[in-house]
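Written below as structure tokens is the structure these notes are about.
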Amino acid sequence: MSDAGTADLTRKRVTLGEKEATGTETVTVGCKMPNGILMVLYESVEETVYDQNGVAHRQKRSWPHPDKPTYTLNGCALDVGAMQKGILPEYPVVQSRSIPGGGAGLTHGIPKDFYDTWAETTGRDLVSKGLVFAAKTESSVRAIARERDAMKTGMEPIDPSKPGE
């Protein structure tokens with residue numbers, strides 16, 4: 001602790017997603033979340049903060065990396081009112097055959113290097129649970145979406161005739 005009584009900070013900078021894009025290869029990403037997801041890479045700082053008694057505590061803070069792009073993944077929710085008027089979504093959606101309101105929204109043109117870094121860091125849980133997935137071609141992503149047709153996210157609309165427990 002300093003003489004003035006202010007906290008003494010020892011910082012260790014950790015940047016998630018240090019790998020820069022090296023090529024122009026892109027992937028198509030499927031997202032089973034109804035409203036989609038914002039893909040963001042984060043920068044983190046680990047700090048040692050000393051309290052009033054001089055006891056050291058470790059804390060970690062994270063915020064969106066200012067120099068990295070963000071990408072919005074399309075979700076599978078459809079605007080039924082707009083569709084009744086003949087207005088279709090601006091992106092492809094693979095609708096679920098077994099879960100009303102389920103499926104996967106497809107997003108083209110995500111840089112592969114960015115997706116790989118995001119999947120290893122920020123999106124690890126979503127990817128490991130199968131809610132977000134990617135492949136080089138749209139047909140491959142559609143095949144993965146069909147394989148995961150019965151997978152629930154927990155965000156499906158409630159059927160009023162069968163509200164559940």
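The values are calculated or read from the model by the stated rules, or taken from the named source; none is laboratory data. The shown structure was predicted, so the numbers you read here are calculated from the model rather than taken from an experiment. Here Cβ is always computed from backbone atoms with ideal geometry, including for glycine, and neighbour counts include all displayed protein chains. All accessible areas refer to the heavy atoms of the entire protein, side chains included, with ligands and DNA or RNA removed. Shrake-Rupley method; radii C 1.70, N 1.55, O 1.52, S 1.80 Å.
Brief remarks follow.
- With a simple spin-label model that places each label point 7 Å from the Cα along the Cα-to-Cβ direction, the separation between S44 and M151 comes to 2.4 nm.
- The simple spin-label model puts a point 7 Å past each Cα toward its Cβ; for L88 and D51 those points are separated by 6.1 nm.
- Each other residue within a Cβ distance under 13 Å of E147 adds +1 if Lys or Arg and -1 if Asp or Glu, for a net charge of +4.
- Projecting label points 7 angstrom from Cα along Cα→Cβ for R58 and S139 puts them 5.0 nm apart.
- Which listed pairs, of K60/K136; K129/K162; K85/K129; K68/K136; K112/K162, have C-alpha distances above 31 Å, in listed order: K60/K136; K85/K129; K112/K162
- For the chain, the carbon plus sulfur part of the accessible surface works out to 51%, probe radius 1.4 Å.
- Of the residues I110, I87, the one with the largest accessible area comes first in the ranking I87, I110, computed with a 1.4 Å probe on protein heavy atoms.
- Largest mean-square fluctuation among R148, R124, R97, in a Gaussian network model of the chain whose springs join Cα atoms under 10 Å apart, belongs to R97.
- Label of the coordinate-derived value, Rg and Dmax of the Cα atoms in Å, listed as (1) 17.8, 56; (2) 20.0, 70; (3) 21.2, 70: (3)
- Cα-based helix-to-principal-axis angle, 138-147 vs the chain, degrees rounded to 10: 90 degrees
- All other residues whose Cβ lies under 12 angstrom from that of N74 are scored, Lys and Arg at +1 and Asp and Glu at -1, for a net of 0.
- Most to least accessible of E147, E156, E47, E25 (protein chains only, probe 1.4 Å): E147, E25, E156, E47
- Top of T70, T24, T137 by mean-square fluctuation, Gaussian network on the chain, Cα under 10 Å: T24
- Within the listed set L131, L38, L88, the Gaussian network model of the chain (springs between alpha-carbon atoms below 10 Å) gives the highest mean-square fluctuation for L88.
- Dividing the helix sum by the residues of the chain, where each DSSP H run of 4 or more adds -39500 (n - 2.57), gives a mean residue ellipticity at 222 nm of -4500 deg cm²/dmol.
- Per residue, the solvent-accessible area of the chain (1.4 Å probe, heavy atoms of protein chains only, all protein chains present) comes to 63 Å².
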